[in-house]
Every structure is written in C-alpha cells, then in structure tokens.
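One structure is given below, encoded as structure tokens.
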Amino acid sequence: MNVLIVYAHPEPRSLNGALRDFAVQRLEAAGHHVQVSDLYAMQWKAAVDGDDSLVHEASTPFNPSLASKHAFENGQQRADIAREQDKLRWADTVILQFPLWWFSMPAIMKGWIDRVYAYGFAYGVGEHSDARWGLRYGEGSMAGKRAMLVVTTGGWDSHYSPRGINGPIDDILFPIQHGMLFYPGFDVLPPHVIYRAGRMDDARFEQTTRELGERLDTLATTPPIPFRRQNYGQYEIPALTLKDDVAPGKRGFAAHIG
Ligand code: FAD
C-alpha cells in the first residue's frame, strides 16, 4: 500500500515528531511505501494568492476558485501544488497528523488543503443534474482511497466526551473528516486521538505507540465512518437536506452518519 503522511508540527523533537517517525518505521516494516509531506520542513506556503498560478496577472482581479480551476486545467499551477496532487494520486491511504490547535488543524495544514485541493481536482468534479450534485461526499477524485487523522490534544478525553466542555471530538473533527476528506471521496477511518499529550512519560509513550501501531496495522481493514453519501437517495437534490424518512428527528453533524 502507498501511504502519504501529511504532517504539521514545527519541531521534529516534539511528541508529534516522535510519533511521525514511529509511524513511518512501522508502515515500512510492514512493506508499505511511505511518503511524508512535512509541511514546516518544506516551508509550505499556506496562503492562497495569485502566485499559485504561473500566469496570474496582477492587473486582473484574483478569483481564488476560478484561478485554481484555470491553472489546474491548463497545467499552470505552481510546482509545489502539482507535486502534492501527484502524491495524493499515488497514495492509497492518506494520514493527516497534527496537534489540535484552537480546535482545528494548524494553519499550515489548512493552507495545504486550500491550495492542493484545486477546483477540478478536489471539488467542482462531475456533472450536476436532478439526480446528482457533482461527485462529492463519498464520490470524487479520492474515491477508493482511505484517510485517517492522527491528532494529539492538550485536553483530556473527558473534556471531549459527549458532555465535555470542549464539545465531542467527533463534532470538532467533523469539518475535517466530513468536509475535507469525505467531500472529495475518501473513505474516512475513525480518528486516532492522543489526549492529554502534555502528560507523557516513557511508559505512556510506549503504550501510545503500541496503540498507534495497531491502528497502522489495520489501515486496510478498519471499517470507515459510515457518512451518508450524497447521490444515493438519502438527500433531496438540489436542497441537499436529508429526506424526511432518513434519520428522522436527528439533526446536526450526527444526522449525516448512518
Ligand atoms: P510536545 O509538547 O512535544 O510533547 C508532549 C509531551 O510528550 C512532553 O511531556 C514531552 O516531553 C513528551 N514527549 C515528547 N516526545 C517524547 C518521546 N519521544 N517519548 C516520550 N515522551 C515524549 N489543545 C487542545 O486540547 N485543544 C486546543 O484547541 C488546543 N489549541 C492549541 C493551540 C496552540 C496554538 C497550541 C500551541 C497548543 C494548543 N493545544 C490545544 C495543545 C496542543 O494540542 C498540545 O500541546 C499538542 O497536542 C502536544 O503535542 P506536541 O507534539 O506539541 O507535544
């Protein structure tokens, strides 16, 4: 299997750095091919702007979506974007690894999504009709690939429990797992969250790597989160609301999981 790890932490000697090294070794020892996009080490440009297209003229108003579409279709994207798209094409499984910062991914990783997910590559794919609303939410360029988050948090497990003050972890990660991964077609595996990361000693680190190792060993067989697919009869089109007989009484994020 080809595994791409997209990794965001500014310090290689961090806990995240150690877990990233562990993951690469574990996957390679199992015979997988691994590439790592180490975003800080690559000095990844996080902000979308006109320089993302090789042909943008400053005299023309910059429209991020249309510029992305044009550059993608005409082979005029910056090389750093095209390289990451090639890695995504190559990958069977993609792991996004990051520390939870302000209830989300570090900005550098959000900027990787913003720039690599070009119009025509990750969105704006497929035909719109009365029955289909583009290839997205379970269909699209990443269909057939798997994805998983590996996330460390300062907060405790209980802080992210269903009645915890931070909100349930599945809700916090929903925009990433559903919006950034399921949307372009990935099958999204349950996240691997390492809570209370500040309380790490050698014994807990050993346990943490054991648990992460088990998740890495079962990447190909772990059942994905059963997000509802857009074009398979459960949503009204074009309103894109759940049909009345689907998950009646349920609302919010949880309603989109079958
Ligand atoms: P490190 O600080 O590198 O390490 C954590 C512990 O692991 C340390 O005790 C270290 O000694 C130990 N360790 C490191 N490597 C090893 C090793 N090889 N073997 C054994 N022990 C080791 N948390 C939340 O819950 N929610 C938030 O919204 C949130 N927002 C944040 C926003 C910002 C800007 C920042 C800076 C932090 C935020 N945090 C938040 C906390 C953050 O999620 C944690 O600090 C982070 O997940 C810890 O991961 P790290 O790799 O940086 O750990």
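All of the numbers you see were taken from the coordinates with simple rules; none came from a lab. All values reported here derive from a predicted model rather than from experimental measurement. In this analysis, Cβ positions are derived from the backbone assuming ideal geometry, glycine residues included, and neighbour counts consider all displayed protein chains.
Here are a few things to note about the model shown:
- Any hit, segment 136-151, residues being in contact with a His (Cβ under 6 Å, 6 or more places away or on another chain), within 16 Å of the ligand (Cβ to nearest atom) and outside any loop (DSSP other than H, G, I, E, B): yes
- If the condition is being in contact with a helix residue (DSSP H, G or I) (Cβ under 8 Å, 6 or more places away or on another chain) and either under 22 Å from ALA8 (Cα atoms) or in contact (Cβ under 8 Å) with a residue 60 or more places away in the chain (or both), then segment 122-144 contributes ALA122, TYR137, GLY138, MET142.
- Any chance ARG229 is touching a residue at least 60 places away in the same chain (Cβ under 8 Å), away from the ligand (no atom under 16 Å from the Cβ) and in contact with a strand residue (DSSP E or B) (Cβ under 7 Å, 6 or more places away or on another chain): no
- Picking from residues in segment 153-173 that are assigned to a loop (DSSP other than H, G, I, E, B) and within 8 Å of the ligand (Cβ to nearest atom), the one that is surrounded by the fewest Cβ atoms within 10 Å (Cβ to Cβ) is GLY154.
- Of the residues making up segment 204-218, those that are near the ligand (Cβ under 9 Å from one of its atoms) and out of contact with any helix residue (DSSP H, G or I) (no Cβ under 9 Å at 6 or more places or on another chain) are ARG204, GLU206.
- Of the criteria (1) in contact with a strand residue (DSSP E or B) (Cβ under 7 Å, 6 or more places away or on another chain); (2) over 20 Å from GLU211 (Cα atoms); (3) surrounded by 18 or more Cβ atoms within 10 Å (Cβ to Cβ); (4) touching a residue at least 60 places away in the same chain (Cβ under 8 Å), which one ALA71 fails: (4)
- Taking the conditions (1) more than 16 Å from the ligand (Cβ to nearest atom); (2) surrounded by fewer than 16 Cβ atoms within 10 Å (Cβ to Cβ); (3) of a type in the set (Lys, Arg) in turn, LYS45 satisfies each one other than (2).
- Selection of segment 204-242 for residues being over 28 Å from VAL3 (Cβ atoms) and either touching a Pro at 6+ places or on another chain (Cβ under 7 Å) or not in a loop (DSSP other than H, G, I, E, B) (or both) yields TYR235, LEU242.
- Qualifying residue in segment 88-104 (condition: within 16 Å of the ligand (Cβ to nearest atom), part of a strand (DSSP E or B) and of a type in the set (S, T, N, Q)): yes
- GLN25 being more than 17 Å from the chain's Cα centre (by Cα), farther than 29 Å from PRO168 by Cα and within 16 Å of the ligand (Cβ to nearest atom): yes
- Exactly one residue out of SER59, SER65 is over 21 Å from VAL193 (Cα atoms), in contact (Cβ under 8 Å) with a residue 40 or more places away in the chain, among the hydroxyl-bearing types (Ser, Thr, Tyr) and loosely packed, with under 15 Cβ neighbours inside 10 Å, and it is SER65.
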